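Enquirer: Sharing a structure with you now.
The values are calculated or read from the model by the stated rules, or taken from the named source; none is laboratory data. Note that this is a predicted model, so its numbers are computed, not measured. Cβ: placed from backbone, ideal geometry, glycine included. Neighbour counts: every protein chain shown. In case anyone asks, the SASA skips ligands and DNA or RNA and just uses the protein heavy atoms, side chains included. Shrake-Rupley method; radii C 1.70, N 1.55, O 1.52, S 1.80 Å.
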Amino acid sequence: MQDVSTLVARAREGAPRAVARLISLVEGASPQLREVMAALAPLTGNAYVVGLTGSPGVGKSTSTSALVSAYRRQGRRVGVLAVDPSSPFSGGALLGDRVRMSEHASDPGVYIRSMATRGHLGGLAWSAPQAIRVLDAAGCDVVLVETVGVGQSEVEIASQADTSVVLLAPGMGDGIQAAKAGILEIGDVYVVNKADRDGADATARELNHMLGLGESRAPGDWRPPIVRTVASRGEGVDEVVEALEKHRAWMEEHGVLAERRLARAAREVETIAVTALRERIGDLHGDRRLGALAERILGGELDPYRAADELVAGLTQG
């Protein structure tokens, strides 16, 4: 068993091994997880969480690395959660696409961690909210969360980030993908990467047109900007950071940042509660209470909904 208070103290000092150990406890749903979260609670709420999503191949990892460089030039500590669809046994922050961030591996002001989705839909690992909290408590000024790639069910990043960045690239059919996946509703900043390729102007125009067709905005509402970048050369990255800072300032001015963080905390509590309830229900297979309810349904005494209500009431009271 790890001494949680020591781990948290070491993480606050910037010790990467302590941060890694805390995130491992989170990922493994350790019995010490409650103790870890209790210790971290007073230390969180300072990091600016930026989510990056987009279709595979648009350059998410390259863009993330470029953003890390831009924030480090400003002297900010940066944490990166790169969510990986591969096996949970792949491990390590520098495998696969993460090799593109290897230039930051020796920087004590940067912490990079790959996390496996382990089958969780939404483009994020189920433990991502707690891992974000670890990096927040460890003193990261900015936490960049890179998802596995946007798709029909991979817009969850909007519920976990303060600001969501959607990346597109010319020649990849991203306009159609944007309409299908609903990412026009989640993006706060749009980035057309690989802007040196043919079709970049058309992609930006199409995106601007689709955003214009969206819901009407009142005066003073946030209008998502479209920024063009060539992340592999660092071009346009400072403009992305500027757009992010403008969005953060707008959210703070209009109270949106506090609202988003409050909603995020509420969703996290709900998820934990539902997960605990699901586990308790899962333990009921073969339980006499479940069998008795099934018999009453077959006898016409109960309908399935009332039976479910009785089951949930029994579980919550028990």
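Enquirer: Given the alpha-carbon gyration tensor of segment 195-245, what are the semi-axes of its equivalent ellipsoid in whole angstrom, ordered largest first, with each equal to the square root of 5 times an eigenvalue?
Expert: Rounded to whole Å, the semi-axes are 23, 17, 5.
Enquirer: Another question about this same structure. Would you mind working out the accessible area per residue for segment 183-318, using a 1.4 Å probe, and quoting it in Å²?
Expert: 64
Enquirer: Please list the non-local residues whose amide H lies under 5 Å from the amide H of Leu52, H modeled 1.01 Å from N, same-chain partners needing a gap of 5 or more.
Expert: The answer is Val145, Glu146, Thr147, Val165.
Enquirer: 5 Å is the cut-off here: which amide hydrogens, built 1.01 Å from N in the peptide plane, fall below it relative to Tyr111, excluding neighbours closer than 5 in sequence?
Expert: Close amide H contacts, sequence-distant or interchain: Val78, Gly79, Val80.
Enquirer: For a quick check of your reading of the filter: which GluC sites (Glu not before Pro) in segment 190-272 sit in a DSSP loop and have no more than 15 other Cβ atoms within 10 Å?
Expert: Glu215
Enquirer: I'd like the carbon and sulfur percentage of the solvent accessible area for segment 225-296, probe radius 1.4 Å, heavy atoms only, ligands and nucleic acids excluded.
Expert: 55
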